[in-house]
Amino acid sequence: MITRAIENCLRHATERGWSKTYWAFDIHGTLLKSNFRRDEISTEFYPGAIEVMQILSKRKDIVKILYTCSYPNEIVQYIELFKKHNIHFDYVNENPEVADGGYGYYQNKFYVNVLMDDKAGFDGETDWLEIKRIITQKF
């Protein structure tokens, strides 16, 4: 479950004195329910997604990366949709803040501490509510 990754990330940040952590968010099946259409973006958020993303958007210690296979014109539309809900991303499909590090080469695969993607087991129907509990009660 994604909650363990989030708890570990935030605990490590505190213990190790990290000023930032890097979180990547998929769109379809994670933030928004898929409509399986090209040229018509999906706009139906999962329960709790807007509120959690608004909380995270205010945090300066979390770098938010939009992680998507959407077409460029759709990405522009999604960014606008998210802005209307006060959801902001720092980067799209990249993390230029971490290149080559002591633990890895990040030129072809960008560095993240937390990955939220339905293909990686994220459940949009339930996980947002659990994430809200963690970020508002513990960290």
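The values are calculated or read from the model by the stated rules, or taken from the named source; none is laboratory data. Values in this document were obtained by computation on a predicted structure and should not be read as measured data. Here the Cβ positions follow ideal geometry from the backbone for every residue, glycine too, while neighbour counts run over all protein chains shown.
Remarks
- Looking at ASN35, ASN8, just one residue is in a loop (DSSP other than H, G, I, E, B) and surrounded by fewer than 20 Cβ atoms within 10 Å (Cβ to Cβ), and that residue is ASN35.
- In the set (1) outside any strand (DSSP E or B); (2) over 21 Å from LEU129 (Cβ atoms), TYR22 fails one condition alone, (1).
- Applying the criterion of being under 13 Å from ALA24 (Cβ atoms) and of a type in the set (Phe, Trp, Tyr) to the residues of the stretch 95-139, the residue that is surrounded by the most Cβ atoms within 10 Å (Cβ to Cβ) is PHE122.
- Residues considered: LYS109, LYS132. Of these, the only one that is among the basic types (Lys, Arg) and free of Cβ contacts under 8 Å to residues at least 40 places away in the same chain is LYS109.
- When residues in the stretch 54-81 are screened for being assigned to a helix (DSSP H, G or I) and without any contact (Cβ under 8 Å) to a residue 40 or more places away in the chain, 11 of them pass.
- Condition met for TYR67 (modelled with pLDDT of 95 or more and closer than 19 Å to VAL98 by Cα): yes
- Between GLU40, GLU51, the distinction of being in a loop (DSSP other than H, G, I, E, B) and not polar (S, T, N, Q) belongs to GLU40 only.
- Cβ-Cβ under 6 Å pairs, at least 6 apart or on other chains, the stretch 87-98 side touching a residue at least 60 places away in the same chain (Cβ under 8 Å) and part of a loop (DSSP other than H, G, I, E, B), far side charged (D, E, K, R) and crowded, with 16+ Cβ neighbours inside 10 Å: PHE89/LYS64
- Residue within the stretch 94-101 that is closer than 18 Å to LYS33 by Cβ and in contact with a strand residue (DSSP E or B) (Cβ under 9 Å, 6 or more places away or on another chain) present: no
- Count of the stretch 38-53 residues which are polar (S, T, N, Q) and surrounded by 14 or more Cβ atoms within 10 Å (Cβ to Cβ): 1
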